[in-house]
Amino acid sequence: MTTEIVQQLTMEEAQALTDQIRTTTETLWELLTKAKEGNAPKALGYDSWKAYVQAEFGLSKPRSYQLLHQGLV
């Protein structure tokens, strides 16, 4: 394990990072929705959404639906 000293972010850096996380999260929700609606699991040979999200992303089915629902809110 390496021990690395990390400098505290400035306000500007923290805001830029927060904005980037928000954008990435929104993109994740959009992409998961497209995968679900477009039946990506079937196109890739999976028997179910559960098998797809577990194999491809290491997500449980409930967690994947939680992410999908957050995107709708």
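Under 8 Å by Cβ, and 6 or more places apart or on different chains, what pairs join a residue from the stretch 20-37 that is farther than 13 Å from Gln70 by Cα with one that is in a helix (DSSP H, G or I)?
Here the result reads Lys34/Ala40; Ala35/Pro41; Ala35/Tyr52; Lys36/Trp49; Lys36/Leu68, each pair linking the stretch 20-37 to a residue that is in a helix (DSSP H, G or I).
Quick one: in the stretch 49-73, which of the residues that are small (Gly, Ala, Ser) and within 13 Å of the chain's Cα centre (by Cα) is most open to solvent (accessible area, probe 1.4 Å)?
Gly58
Would you mention how many residues in the stretch 38-73 are within 19 Å of Arg22 (Cα to Cα), free of Cβ contacts under 8 Å to residues at least 40 places away in the same chain and among the small types (Gly, Ala, Ser)?
Residues flagged as within 19 Å of Arg22 (Cα to Cα), free of Cβ contacts under 8 Å to residues at least 40 places away in the same chain and among the small types (Gly, Ala, Ser) within the stretch 38-73 amount to 1.
Are any residues in the stretch 21-48 more than 13 Å from the chain's Cα centre (by Cα) and not hydrophobic (A, V, I, L, M, F, W, C), and if so, which ones? Let's see the steps before the verdict.
Looking only at the stretch 21-48, we keep the residues that are more than 13 Å from the chain's Cα centre (by Cα), and these are 36-48.
Within the stretch 21-48, Lys36, Glu37, Gly38, Asn39, Pro41, Lys42, Gly45, Tyr46, Asp47, Ser48 qualify.
The values are calculated or read from the model by the stated rules, or taken from the named source; none is laboratory data. Keep in mind it's a predicted model, so treat the numbers as computed, not measured. We place every Cβ from the backbone using ideal geometry, glycine too, and count neighbours over all the protein chains shown. To get the accessible areas, we keep the full protein, side chains included, count just its heavy atoms, and leave off ligands, DNA and RNA. Shrake-Rupley method; radii C 1.70, N 1.55, O 1.52, S 1.80 Å.
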